[in-house]
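Single-structure report; data block below.
No lab work stands behind these numbers, since they all come straight from the coordinates. Remember, predicted model here, so these are calculated numbers, not experimental data. Positions of Cβ are backbone-derived with ideal geometry, glycine not excepted, and every protein chain shown enters the neighbour counts.
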């Protein structure tokens, strides 16, 4: 399938190029970029082979014959472009946030304005294949990195009635690549190395997305407290989600509920110890576990992923494989990098 | 005052040496160590001056004329030694965990056995001077690093009735020096760098200590969920504590309640943004803040400290200054290291 | 081909498993380990898939039907084992140091004793395929990580007569995985993070290997000064090699001499800027360059590699591909990890 | 003494503030900054106490009554300002590069243009007190970080005739704070973490400064090859300097020659093992050593310093102490930070 990436110069774009280069069915015919258009791949991704491949402009009219398109664009840049491509019959997987939320109200809460194409909201499949079917979809909104980790840890437990979402707290730790490649003082080595901090406290845009994911998967109206933290490493997200236990007989009831959901898929594994991001970084895998805290009658669920793979490019290719009728795991690494 | 350190070879011991070397009133006359006894300071702390100073054995009978003694020993090693010194009229500040808890029950919960001197429990002042008076004390149990951070963030809010401890979640991030200098595979650079993980989930010994601190400061019987995480940096703790809001009119009510407690002391500062560990590492300061999450009616309180200073050696010297009738801040750095 | 790895638990062993798992012709039928024998893969490499695969004992008699064997064992453990396997008709690639040197004298210089099988020295092909042919070999001694980087940077320039080896200085920087997984105090996070140091000054065992490589490739009797340094990162080696220029008209004469040697191979690329380890880590590639310093009439040649791939497991598989008559690049990644 | 810092917002400026705040004789009355003028200290140095102190504009006419002024300004910004202050009777220590070189020719080589006040070159004392007397100076050009480390390691050996500067190679490793706080893509965490690179190969401006230092200290016309490397840490410089040995009987002859120069001063210590930057970071100390490489008849000299203290602000205060007739070590830390 002739495949394009629009937004090839970011970190997720670089990962997409690697995955599609290795893909037996997807043929990368177009790499579009904004400010780097006219340059070559080596300008932005010196670690990738064939560095003289051209970076081209972004525009739907340029994608003659493309059958599959990945969008990795800043907030607001995908809406019209993605819609146009999808209407023209191209299968589209959008890694951005324009089509993730399901209602104009939710969009307004998260982004503080009106969606440019409110009728499209809800038409895009939320691309978290372990929790939502991709069957019949031709346009996919690939989830955010934090929602992926939080939902994989907590959604099956909430749905099974073992954990209440009331008062649920999701404290998440992310490597710095999650903040993108923008040139900001707060992302200098001298501002990140040897320190941690929370950010976006009470206001991060992934909170409404997590709540939507719970609503879709479980039903009802969920609200959670979400606090992301930046830690001095390049990759990886660890979500620690704590909530009230609800009639849980023992820890293994929690692990069983998780296993029941994930046992058949290739990427999510239930373990009985705290997951480490180092065990998954470089792969499309997720590790999940849960603990029962008798003393406070709480459940502590955890999930570790690589934010650029299972949290972005890997999950996008996973969804693309499915909507193209291919094996879900094509080109997606199971082995991580460590050390 | 003639001053001894027993347990000089650990990270906290090294910090104590630095602080006492710089202290105008404390004169360091004895440095005791277990396995390094017979060696010199440079063997264990090559970054300190006068590296040929001797490391001597540990034993109370050796401390002729010592008036003040800091203990930085492994769990279980302080009880008899500290008791003996205190009974002999030496002022003692114990950085270990033997005298922190207040009842045999609490000790049993945390350590799974009987305290060797149960009658001593409760006789040692819990050395967190911003929350508990040091007046009249001659023996001090210096708090753990996590309890220091969690209590500084949350205790004033709970006491003011603005935050409920029911369902309270304390997710904490620590640099690696908090785990000590032990030679363990999990502490190799290759096991820490570029990764995060939780540990001690539901079982960490600092949880009962946090609960005791709340009970002492607020009254009543508190229980919390506490999950510590290890992050790839040397120093610093960030505590993120989330709990139910209780009739909070606005965020500034939270900040005011914190300010009321801390405004007169030199070390804890209330700020209105997320505290970064880099802003305090190298100093004895703590930065605290709190947010009100309207959507879930929650309070998110945060505190950043240097785990080896305000979380260990610095706080111990602060308490020693107070019990010796000196200025609380003598020799304690207010400026951090950054970058 | 039925393939075994003996020494599967180290870092290079983990990389070998990944590469052979992905290899279309090599079938991994045996993973041997010393102290972890009897356990499973997940005990030592939690980042790899199928973690329940068994780790078996090390012993040549156990390898029924194995056609290709990789040895990743400590110094001294390969000699008899590798010899026995090779004599039994197994193709052997030894990642250790037992067969790298070519004469008993050189071995004595490097290791301070007699080689247990001196007659084998010189029978093993030195597995640096860009500089030495693998044709007809059935036993390969895979080079050390530092010699790989230094020789790729400097050997073509010395051979072309553009750089004198007299007074040549090789200062090299290595990530910590080069030191292996041993439990040593000097490899703790607390001893590595945020610091650099030289080690093995004048005595490192890779120096005689580098000199041998120059002798083999250029002829004559070379001697160099080699100083390795440890830097706080997991992977990567950067070699900076400085020597007297010898009638060099301009920098491009240096780049041309390098290009002439490497232009046809898939892995070594000549660039005209300082190579960064981040551009190659995760791949089997090497980046080389050279500068002419007019002011001192010196040549500065540089090479960046991933010490565990082009400096160990990747290069071993590259050699194995060649001695098995396969495409040199099978299963070897060209794309690096960054970020 | 009334003291000003012009250029208070950079990393070296922050260190100067800390040192002068702790100084018993220097009274910090003015902090000048360019783009941050009008703001407060906490905007740029959130780790320092009394964050509401004002940052004022830079201009010599504003410094009423100032007796001592430190300049920490970008290249080119000190010349007229420093000259004017010095002519007005203010003692000036310039941490920038405008007055370091001694001749217009050397300045042209390094900076590619004419010095605005060529008559001033040579009038400023080169502020490396261990090698050059500060007696009688009232204007000091504080050395660059790399020249400090290279000269401390090598200059005494060259002067003693034990090491030839012909063919001398200085390969240096620096933490990232050496590159300053500028907002550059190459200084993002994502571009620095987990990688190393050389930069400024053959062209770095510190090379002429090192050569001048050797000429001044030893006499004659020295030229060296200098290659700086950036490593993923905040602070510290390690210089590894290799040159021909000249009739050296044994290693201890080298150590003796170093000791003879440094034994009386408080800051430079000769050790007999490879110095680690972690042992000096946070202090004004330097550790030096030297090795004799019999095989190539070379000397390898090494020096570790904190680039912001002994390599910048600390050394500037050391020189200021001396030109003010004070104890050389006032306010300068001897203890490092580690861990």
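In table form, for the structure just shown:
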| read-out | value |
| --- | --- |
| Inter-probe distance in nm under a simple model that places probes 7 Å from Cα toward Cβ, at residue C:43 and residue C:295 | 5.7 |
| Residue A:34-residue A:109 FRET efficiency (beta carbon distance; Förster radius 22 Å; 0.05 resolution) | 0.20 |
| Whole-percent pair-distance distribution, where bins are 10 Å wide, for the alpha carbons of segment D:156-238 | 16, 42, 26, 14, 2 |
| Fraction of beta bridges assigned by DSSP in segment A:146-305 that are antiparallel (%, nearest 5) | 75 |
| Whole-number Å³ per residue for the convex hull built on Cα positions in chain D | 134 |
| Per-selection Rg to Rh, segment D:13-84 - Cα, Kirkwood hydrodynamic radius | 0.94 |
| Cα coordinate range in the protein assembly as shown, projected on the principal axes (Å, largest first) | 80, 75, 63 |
| Relative exposure of A:202, C:296, judged by other C-beta atoms within 10 Å (fewest first) | A:202, C:296 |
| Acute angle (nearest 10 degrees) that the helix B:313-323 long axis makes with the longest principal axis of chain B, alpha-carbon atoms | 80 |
| Cβ-derived FRET efficiency at R0 45 Å, residue A:216 paired with residue B:27, nearest 0.05 | 0.10 |
| Rough spin-label spacing in nm, given labels placed 7 Å along Cα→Cβ, for residue B:138 and residue A:88 | 8.7 |
| Chain B: angle of helix B:206-218 to the longest principal axis, Cα-based, in degrees nearest 10 | 70 |
| Residue order, fewest to most beta carbons within 10 Å, for D:94, A:21, D:171 | A:21, D:171, D:94 |
| Tilt relative to chain A, helix A:145-159 - C-alpha long axis, 0 to 90 degrees, to 10 | 40 |
| Efficiency of FRET between residue D:184 and residue D:249 - r from beta-carbon atoms, R0 35 angstrom, step 0.05 | 0.15 |
| Largest-first ellipsoid semi-axes for segment C:117-260, taking √(5λ) over the Cα gyration tensor eigenvalues, angstrom | 28, 21, 14 |
| DSSP-defined beta bridges in the protein assembly as shown - what % are antiparallel, rounded to 5 | 50 |
| Neighbour-count ranking [beta-carbon atoms within 10 angstrom, fewest first] of D:145, A:69, B:324 | B:324, A:69, D:145 |
| Under 13 Å from the residue C:159 label point (7 Å along Cα→beta-carbon), backbone N, segment C:262-304 | C:262-265 |
| Using distinct alpha-carbon pairs, which all enter the 1/r mean, Kirkwood radius of segment D:87-201 in Å | 16.9 |
